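Here the structure comes first, spelled out in structure tokens, and everything after it is commentary.
The values are calculated or read from the model by the stated rules, or taken from the named source; none is laboratory data. This is a predicted model, so every value here is computed, not measured. Neighbour counts run over all protein chains shown; Cβ positions are idealised from the backbone, glycine included. The protein model used for the area step is the full one, side chains on, heavy atoms only, and it has no ligands, DNA or RNA in it. Shrake-Rupley method; radii C 1.70, N 1.55, O 1.52, S 1.80 Å.
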2 protein chains.
Amino acid sequence: MGTIDIDGNRQEATCKQELIAMRDSLEILGGKWKLMLLRYLSNRLEEKNNFKKIQREIEGLSAKMLAKELKDLELNLLVSRSVVNTKPVTVEYRITPYGLNVLPLSENLVQWGLDHRAQIKR
Amino acid sequence: MGTIDIDGNRQEATCKQELIAMRDSLEILGGKWKLMLLRYLSNRLEEKNNFKKIQREIEGLSAKMLAKELKDLELNLLVSRSVVNTKPVTVEYRITPYGLNVLPLSENLVQWGLDHRAQIKR
DNA sequence: CTGTATCCACTGGGATACTG
DNA sequence: CAGTATCCCAGTGGATACAG
């Protein structure tokens with residue numbers, strides 16, 4: 001007695017929020033190129049990563065998709081975009097400090113994928 | 001001198017495999033319902049989880065999708081399927097011991113999603 | 001009960017060409 | 001260089017009906 005909370009209810013709520021959170025993550029990171037882009041940028045923190053360079057170096061990535069994925073990532077504060085006043089303007093993309101937080105997660109995905117491939121093959 | 005391996009090459013290969021592994025993971029776990037199903041089953045290890053019960057308890061999940069997702073998960077050894085000789089046959093689905101390995105990963109996704117939601121709102 | 005089959009709308013994503 | 005616009009296709013996923 002005393003508390004009116006019913007554990008069942010509280011768990012239900014928490015569970016739903018967890019599902020929403022998981023869905024969020026997959027939505028934000030789950031595109032075909034997003035995690036690849038973040039990993040790419042995280043390996044080139046010191047370089048000038050402009051649009052064309054990225055597209056050239058990630059094989060199969062079209063301008064359309066690159067523009068879209070970068071826009072999405074920027075909206076989620078994972079990537080920063082800065083225009084540089086060169087003769088034809090260039091744009092530099094960088095992963096944000098906050099964006100670096102996804103690296104452990106992507107490592108886990110890599111690890112799971114590797115383990116799973118081994119598991120399936122036997 | 002002595003070794004012919006070029007670090008650049010070896011890193012390239014590793015990097016590509018990592019990307020493939022990541023893609024694998026997203027493909028296998030990334031469907032709309034897969035992680036939800038695995039979490040659902042992991043919370044009901046002691047129950048008889050038959051098709052209809054699962055569909056009833058996961059809101060919005062159609063028979064078609066449930067069948068498909070379960071089949072995929074079974075192919076990847078994450079879920080087991082066993083037919084029971086009841087009057088009209090029933091089928092019990094369980095998460096495999098191996099399937100339990102995805103739970104940490106899904107926890108990470110949940111955590112990242114929660115953190116991110118907090119991050120974006122401020 | 002356990003699914004399959006069918007139809008259909010929406011979206012992701014590729015190819016190509018074009019603008020500022 | 002940095003994107004946008006357009007077209008187009010394959011896959012996802014919902015609704016409903018049906019079959020074993």
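Annotation: of all residues in the stretch B:29-43 being within 12 Å of DNA strand D (Cβ to nearest atom) and open to solvent by 30 Å² or more (accessible area, probe 1.4 Å), the one that is farthest from residue B:107 (Cα to Cα) is B:32.
Take the residues in the stretch B:74-84 that are open to solvent by 50 Å² or more (accessible area, probe 1.4 Å) and either closer than 18 Å to residue A:118 by Cα or among the charged types (D, E, K, R) (or both); name whichever of them is nearest to DNA strand D (Cβ to nearest atom).
That would be B:75.
Residue pairs whose Cβ atoms lie under 6 Å apart, separated by 6 or more positions or on different chains, with the first residue in the stretch B:46-64 and under 21 Å from residue B:88 (Cα atoms) and open to solvent by less than 100 Å² (accessible area, probe 1.4 Å) and the second polar (S, T, N, Q) and outside any helix (DSSP H, G or I), are B:50/B:90.
Take residue B:108 and tell me if it is touching a helix residue (DSSP H, G or I) at 6+ places or on another chain (Cβ under 7 Å) and closer than 27 Å to residue A:27 by Cα. It is true that residue B:108 is touching a helix residue (DSSP H, G or I) at 6+ places or on another chain (Cβ under 7 Å) and closer than 27 Å to residue A:27 by Cα. Residues in the stretch A:55-73 include none that are within 11 Å of another protein chain (Cβ to nearest Cβ), away from DNA strand D (no atom under 13 Å from the Cβ) and touching a Pro at 6+ places or on another chain (Cβ under 8 Å). Reported count of residues in the stretch A:97-122, each being open to solvent by less than 20 Å² (accessible area, probe 1.4 Å) and under 17 Å from residue A:37 (Cβ atoms), is 6. The requirement of being acidic (Asp, Glu), within 11 Å of another protein chain (Cβ to nearest Cβ) and under 25 Å from residue B:17 (Cα atoms) is fulfilled nowhere in the stretch A:34-51; no residue meets it. Would you say residue A:34 is away from DNA strand C (no atom under 16 Å from the Cβ) and in contact with an Asp or Glu (Cβ under 8 Å, 6 or more places away or on another chain)? Against the criterion (away from DNA strand C (no atom under 16 Å from the Cβ) and in contact with an Asp or Glu (Cβ under 8 Å, 6 or more places away or on another chain)), residue A:34 does not qualify.
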